[in-house]
Amino acid sequence: MSIMGMGVTEQDRAIIGRILSGETDAFRYLVAKYKGLAFHVVRSMIADSSEHEDLAQDILARVFESLPTFRFRCGLATWISRIGYNTCLNQLRRVKSRPHETMKYRAEGYRVDDITPNSGGNSTPVESQTPYSVICRKELDVAVRDSIKKLPAHYRLVVTLYYLESFSIADIALSLGIPKGTIKSDLFRARAKLKDDLLQKFTIEDLL
Amino acid sequence: MKHPTDNAIQSYLHDPGSPERAPIMDHLKNCPDCRKQLLLYERLKELVVSSSFNSAPDNFETAVMARIRSRLQQRRVTDIVMTATAMIGFVFIGLIIFLTPQLKHAAAEYLMDAWQYAGKLITITGDPSDAAVVLVFGVGLMVLFGLVDRIAIGRLRSATSSGN
């Protein structure tokens with residue numbers, strides 16, 4: 001599910017109010033709404049897939065703990081992605097201080113077999129496709145995932161927030177604490193790399 | 001025919017209506033190769049979205065709520081332990097002072113001196129504001145120690161919560 005970066009919906013405001021007044025269980029609604037965002041940030045930044053679920057849980061638990069400090073100055077999704085970004089950075093620093101784990105992180109990377117293809121509304125329904133087109137589609141999906149995986153972690157995060165979470169460049173800049181111009185040029189470079197990598201595997205006509 | 005740069009094509013994608021992009025638009029109308037590049041950039045979003053994964057396992061919400069409850073519980077326990085430790089510490093120090101004659105006398109003398117000094121300040125200057133300064137300074141020190149303690153406890157809490 002993609003979540004617009006800016007603004008806090010009235011429903012989110014009401015839920016935050018209930019949580020802050022002591023109704024802890026109301027946070028379940030925010031978990032359901034923003035779990036995709038937490039996973040997207042974690043998957044963009046952390047290569048070891050065995051850590052993803054734990055870190056995504058950690059991000060949302062930190063969001064719960066930090067809710068009293070949320071001042072509604074930016075979108076809730078932007079704020080959550082910032083917490084996610086900082087949580088992942090802390091994790092990377094911890095791993096860096098333990099060399100044997102750094103090796104593990106480098107060696108594992110994304111494991112495509114571990115990942116369930118998206119069954120969300122954005123993909124074409126499988127029933128309306130021929131077996132051949134389904135295979136081609138899967139091949140293309142794997143290639144795109146592979147190309148995203150090859151991007152530097154920072155580019156991967158920018159592309160993920162821009163495409164999968166529909167964040168604006170301004171929202172990404174706010175989330176990562178980086179100037180808008182830098183994010184824009186990072187996005188351009190990431191897209192160019194992605195395009196070039198895909199064009200090494202497919203013709204432009206196959207991709208269009 | 002000079003083709004626009006890759007950056008120019010991407011800029012056009014972000015802001016096609018801008019007057020600065022007019023020459024690029026004219027070029028795109030007549031150049032099928034550059035048009036394909038632009039279309040591919042437009043298509044990238046669809047490709048990335050469709051290749052994305054199902055994000056979370058089914059029981060994810062339950063797991064997060066369990067983690068939050070566990071942390072809240074942990075925080076309550078930490079608060080109780082910290083309060084109990086502080087109280088035991090105070091009682092322990094009090095007992096040591098009470099049971100050690102030298103310390104008891106030293107503490108009594110110190111308190112007496114402090115009290116007499118405050119009294120002297122009032123009698124010498126005839127102005128109780130000097131004693132008030134001593135009092136305010138003492139309270140200020142207590143607040144400062146309280147703040148340091150609060151920050152230390154806060155850090156301890158965040159360290160215990162991030163340790164999960």
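The values are calculated or read from the model by the stated rules, or taken from the named source; none is laboratory data. Given the structure is predicted, the values throughout are model-derived calculations rather than measurements. Here Cβ is always computed from backbone atoms with ideal geometry, including for glycine, and neighbour counts include all displayed protein chains.
Points worth noting:
- Of residues in the range B:38-95 being surrounded by 15 or more Cβ atoms within 10 Å (Cβ to Cβ) and in contact (Cβ under 8 Å) with a residue 40 or more places away in the chain, the one farthest from the other protein chains (Cβ to nearest Cβ): B:M82
- Filter result for the condition that a residue is part of a helix (DSSP H, G or I), more than 10 Å from every other protein chain (Cβ to nearest Cβ) and among the basic types (K, R), over A:R82, A:R43, A:R28: A:R82
- Residue match in the range B:7-15 (condition: under 30 Å from A:A143 (Cβ atoms) and outside any helix (DSSP H, G or I)): yes
- Qualifying residue in the range B:97-113 (condition: within 14 Å of chain A (Cβ to nearest Cβ), part of a helix (DSSP H, G or I) and among the hydroxyl-bearing types (S, T, Y)): no
- Members of the range A:162-188 found to be assigned to a helix (DSSP H, G or I), within 11 Å of chain B (Cβ to nearest Cβ) and more than 14 Å from B:H14 (Cα to Cα), listed by number: A:L164
- Note on the range B:1-35: residues that are among the basic types (K, R) and surrounded by 14 or more Cβ atoms within 10 Å (Cβ to Cβ) total 2.
- Take the conditions (1) surrounded by 11 or more Cβ atoms within 10 Å (Cβ to Cβ); (2) modelled with pLDDT under 85; B:L99 misses just one of them, which is (1).
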